[in-house]
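Engineer: Can you read through this structure? Questions will come right after.
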Amino acid sequence: MKSLISLFLLVAVFVANAAAQSGRKVVRPTSQPDPPIQAPVWTPPDPEPVSAAPAKLRALPQSLLYRSLKALDNTSFRLADFGGKVVVVNLWASWCGPCRKEVPEYEEVRKEYASRNVEFIGLTTEDPRKSADRVKKFVRDFNFGFRLGWADRETAETLMNGNNGVPQTFVIGHDGRILSQWGGFARGRSGDHLRAAIEQALEEEFPPTGTAGVPPALSAANNPLVKRLPDVATLMWQLHDDERNARKSARSR
């Protein structure tokens with residue numbers, strides 16, 4: 001009997017506990033908002049350094065002026081050998097298509113200035129050990145009458161100054177200054193371009209006789225006093241002669 005009562009009490013406690021649990025309100029945990037997604041921090045790479053264009057070559061360095069250049073006929077010469085002249089230097093190559101078109105126009109100009117203070121020099125940028133026969137054939141085919149030689153690596157690099165193309169033309173003054181420079185070929189215009197550059201160089205290097213260093217205001221064409229300078233000089237000599245004759249007469253008395 002006692003065991004039955006104990007079982008009944010145990011069942012009653014279980015039922016009461018189950019009832020209490022069924023009435024309890026279930027509280028779900030509050031969900032936290034997801035943190036905002038931060039965009040990845042991206043730093044653009046540093047721009048590639050841009051190499052500055054080489055400064056324009058304004059004068060030939062002394063090392064180049066006095067550098068011995070090998071001629072096609074196996075002699076040698078230096079650019080400094082032609083002091084007192086306007087020097088035209090043409091960089092060319094036998095494989096260069098524009099050079100083949102340019103040479104005939106330049107040859108006409110050379111013949112026109114044959115008796116003037118102008119020296120025409122053609123320097124090929126090719127390797128004499130590999131290209132001698134091809135270069136000499138080019139010279140024969142086009143009757144290239146310039147003073148011809150080989151531009152060694154240092155000479156070519158100095159003249160090209162970062163512009164590694166042919167043809168290139170330089171008009172150089174007697175002191176090594178580069179008076180004019182250009183590259184490429186323009187059909188029917190390259191010869192005229194060269195003529196104009198030579199004429200400008202001759203005017204600058206060799207001004208008309210009697211006008212070097214004379215300001216325009218003092219030229220005979222603009223100042224009548226300059227025109228009368230010979231008359232003044234004649235008068236001075238006459239006065240000098242009269243004075244000398246007067247002294248002779250005084251001593252003879």
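The values are calculated or read from the model by the stated rules, or taken from the named source; none is laboratory data. None of these values were measured; they are calculated from a predicted model. Here the Cβ is made from the backbone with ideal geometry for all residues, glycine too, and neighbour counts use every protein chain on show.
Engineer: Scanning region 146-197 for residues that are under 19 Å from Asp81 (Cα atoms) and of a type in the set (A, V, I, L, M), which turns out nearest to the chain's Cα centre (by Cα)?
Structural biologist: Out of the qualifying residues, it is Leu159.
Engineer: I need every pair where a residue in region 121-140 that is in contact (Cβ under 8 Å) with a residue 40 or more places away in the chain has its Cβ under 6 Å from the Cβ of a residue that is among the polar types (S, T, N, Q), sequence separation at least 6 or different chains.
Structural biologist: Pairs that qualify, where the first residue is in contact (Cβ under 8 Å) with a residue 40 or more places away in the chain and the partner is among the polar types (S, T, N, Q), are Arg134/Ser94; Val135/Ser94; Val135/Thr124; Phe138/Ser94.
Engineer: Could you tell me whether region 98-110 includes any residue that is more than 24 Å from Gly176 (Cα to Cα), exposed (fewer than 14 other Cβ atoms within 10 Å of the Cβ) and out of contact with any Phe, Trp or Tyr (no Cβ under 8 Å at 6 or more places or on another chain)?
Structural biologist: Among the residues of region 98-110, at least one is more than 24 Å from Gly176 (Cα to Cα), exposed (fewer than 14 other Cβ atoms within 10 Å of the Cβ) and out of contact with any Phe, Trp or Tyr (no Cβ under 8 Å at 6 or more places or on another chain), which makes the answer yes.
Engineer: A further question on this structure: Does region 113-136 include one or more residues that are in contact with a Gly (Cβ under 9 Å, 6 or more places away or on another chain), assigned to a helix (DSSP H, G or I) and modelled with pLDDT of 95 or more?
Structural biologist: no
Engineer: Among the candidates Pro104, Pro40, single out the residue that is at pLDDT below 80 and either closer than 30 Å to Arg129 by Cβ or part of a loop (DSSP other than H, G, I, E, B) (or both). Even if it seems obvious, please write down each step before you answer.
Structural biologist: Details: Pro104 fails: at pLDDT below 80.
Just a single option satisfies the conditions, and that option is Pro40.
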